[in-house]
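Here's the structure we're looking at; comments come further down.
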C-alpha cells in the first residue's frame with residue numbers, strides 16, 4: 001500500500017511517499033481503508049522536532065516516539081474511511097461500516113499511522129460511525145480540534161450564560177471551541193487576525209476581536225473563561241491582556257495545560273452535533289496524499305484556517 005513515511009525528524013521534505021506492507025488485523029482489530037486524514041499541529045511538532053536528546057522534552061519524545069526518527073514512520077492520528085475487514089473477536093463493527101477515528105488513548109497511548117491507505121486499529125480505541133451528513137474529508141476534520149476543545153471546555157466546567165473568550169479562534173481547535181461554547185450556551189468572543197473575522201463570526205461568535213489592533217487592549221470586558229487555543233508557542237500583547245481580564249472566579253486555560261484525555265463519549269457527542277448541524281468542520285485546503293510535503297509546508301506557515309485535509313483515496317458514494 002502507499003504511505004507517507006517520516007524518514008527522520010526535520011523539515012517537510014523528510015516525508016516520503018513509499019510502498020509499505022499492508023497491515024493485517026488482529027483478532028480485536030479493524031482494518032480500515034482510509035479515505036481522508038488531516039495534518040494536525042501534533043503531526044508537525046513530531047515531524048519537525050529539533051530538540052536534542054539531552055533536553056528533558058527531547059529525551060521524553062525519544063523514549064515515547066523514537067530517537068532520530070519516529071519508531072512508527074507513518075504519522076497521522078485522525079482518519080475517516082471504510083472498514084475493509086475485521087478480526088474474529090470484533091463485535092462493534094463489520095465490513096463496510098463507514099467510520100471516523102482519533103487514534104489517541106489516555107496516557108501515552110498514541111497510534112500514528114493515518115498517512116496511509118490502510119490502518120489497523122483496535123475496536124476499543126476512539127472509533128465511531130462517521131456523521132451521516134458529512135463527506136469523508138469533512139468527517140476527518142472533526143476529531144482533532146473537536147476532541148481537544150471539548151476536553152478543555154469541560155475541564156473549565158463551562159456553564160450556560162458564561163462569558164468565554166477563545167484566543168486563536170480560527171485554527172482547528174479554535175473553530176471547534178467557538179461552536180462548542182455556543183452549544184453549551186455561552187456568550188462567546190473570538191480572537192483572531194483581521195483576515196479571519198468573518199469566518200469566526202459565521203461560526204457563531206457573538207463578538208470578534210482583531211488582536212493585532214491597538215484598540216483591542218482597550219476592552220474592559222471580564223470573562224468567566226479565557227481559552228488559549230494556540231498555546232505557549234505564540235504570544236501577543238493582547239494575549240497577556242487576556243490573562244488579567246477574568247471575573248473573580250474566572251479561569252485561564254491553555255491547550256498546553258497537561259495532557260488531554262480523549263473520551264469515546266466525546267467523539268460520539270461530536271458525531272451527534274455534526275449530524276444535527278450544530279457544529280460544522282472548517283476546511284482550509286485539501287491535498288492528495290502525494291502532495292503531503294507541500295501540505296506540511298503550508299501548515300508550517302501558521303496561517304491555516306481550521307483544518308488541512310489529505311485525501312488518501314476516493315469514493316464517489318461518500
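Only helices enter the 222 nm calculation for the chain: every DSSP H run of n ≥ 4 contributes -39,500 (n - 2.57), and dividing by all residues gives -7000 deg cm²/dmol, rounded to 500. Once you have the Kirkwood Rh of region 145-206 from its Cα pairs, apply Stokes-Einstein at 10 °C and 1.306 mPa s and quote D in µm²/s. This corresponds to a translational diffusion coefficient of 143 µm²/s.
Kirkwood analysis of region 94-212, using all unique Cα-Cα pairs, places the hydrodynamic radius at 15.9 Å. Compared with the dominant Cα axis of the chain, that is its longest principal axis, helix 143-155 is turned about 50°. The residue 19 and residue 257 beta-carbon pair, evaluated with R₀ = 45 Å, returns a calculated FRET efficiency of approximately 0.65.
Between the beta carbons of residue 194 and residue 297, assuming R0 = 30 Å, the FRET efficiency works out to 0.80 to the nearest 0.05. Using a Förster distance of 22 Å, how high is the FRET efficiency between residue 240 and residue 155, based on the Cβ-Cβ distance and rounded to 0.05? About 0.50, to the nearest 0.05. Contact order for the chain, expressed relative to its length and based on alpha carbon pairs under 8 Å spaced 6+ residues apart, stands at 20 percent.
Taking a ≥ b ≥ c as the square roots of the eigenvalues of the alpha-carbon gyration tensor, region 222-318 is classed oblate because a/c is 1.5 or more while a/b is no larger than b/c. Against the empirical 2.2 N^0.38 Å (N residues), region 145-254 has a Cα radius of gyration ratio of 0.93. Summarising the strand pairing of the chain, around 55 percent of its internal DSSP beta bridges are antiparallel. Centre-to-centre separation between the Cα atoms of region 142-156 and those of region 209-252: 19 Å. Above 26 angstrom, tally the Cα pairs of the chain and express them as a % of all pairs, no decimals. Looking at the chain, the distances longer than 26 Å represent 46 percent of pairs.
The numbers here are math on the coordinates, done by the rules we state, and not lab data. Please read all numbers here as calculations on a predicted model, not as lab measurements. Ideal geometry is used to build each Cβ from the backbone, glycine not excepted, and the neighbour counts take in all protein chains shown.
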